[in-house]
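Everything on this sheet refers to the single structure shown next.
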Amino acid sequence: MKAFADLHRQFVHLVSNAPSRVLDIGSGTGRDAAGSAAMGHKVTAAEPTAELLRAAALHPSPNIERLDDSLPELASLTKRGEKFDVVMLTAVLDTYGRGTT
């Protein structure tokens with residue numbers, strides 16, 4: 001399995017080395033959330049699929065908050081009014097619109 005920095009080499013160098021707030025929308029099993037957390041960032045991982053949220057136990061970290069939420073509204077997250085330094089949507093938009101047209 002490739003390391004987080006290798007998978008995201010196109011942009012990971014743009015993310016601050018200082019602890020930042022990261023939002024991972026469509027976090028799936030939490031691989032990217034775990035990678036960001038390992039870099040010292042506080043991560044909010046939003047995922048609407050119950051099975052994937054359960055699978056996120058494969059990547060435990062005190063720096064990750066998991067949230068059951070989904071596009072397009074991100075209703076739970078929006079209510080909180082938080083701000084983030086980095087927003088990730090890895091492999092989300094390629095599946096988002098399927099079956100909705």
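The values are calculated or read from the model by the stated rules, or taken from the named source; none is laboratory data. Since the model is a prediction, treat every value here as computed from it, not as a measurement. Here the Cβ positions follow ideal geometry from the backbone for every residue, glycine too, while neighbour counts run over all protein chains shown.
Among the residues of the stretch 13-25, those that are loosely packed, with under 15 Cβ neighbours inside 10 Å, of a type outside the set (S, T, Y) and modelled with pLDDT under 85 comprise H13, L14, N17. Only one of the numbered conditions (1) basic (K, R); (2) surrounded by 17 or more Cβ atoms within 10 Å (Cβ to Cβ); (3) modelled with pLDDT of 90 or more is violated by K83, and that is (2). When residues in the stretch 55-79 are screened for being surrounded by 11 or more Cβ atoms within 10 Å (Cβ to Cβ) and among the charged types (D, E, K, R), 4 of them pass. Of all residues in the stretch 48-68, those being over 13 Å from the mean Cα position of the chain (by Cα) and part of a helix (DSSP H, G or I) number 6. Of all residues in the stretch 56-75, those being of a type outside the set (A, V, I, L, M, F, W, C) and over 15 Å from M88 (Cα atoms) number 7. Scan the stretch 45-55 and give yes if some residue there is among the acidic types (D, E) and either modelled with pLDDT of 85 or more or in contact with a Lys or Arg (Cβ under 7 Å, 6 or more places away or on another chain) (or both), otherwise no. The answer is yes; a qualifying residue exists. The residue pairs whose first member lies in the stretch 58-69 and is more than 11 Å from A46 (Cβ to Cβ), whose second member is assigned to a strand (DSSP E or B) and among the aromatic types (F, W, Y), and whose beta carbons are closer than 7 Å, counting only pairs six or more residues apart or on different chains, do not exist in this structure. Residues in the stretch 26-33 include at least one that is of a type in the set (A, V, I, L, M, F, W, C), crowded, with 16+ Cβ neighbours inside 10 Å and under 14 Å from F84 (Cβ atoms).
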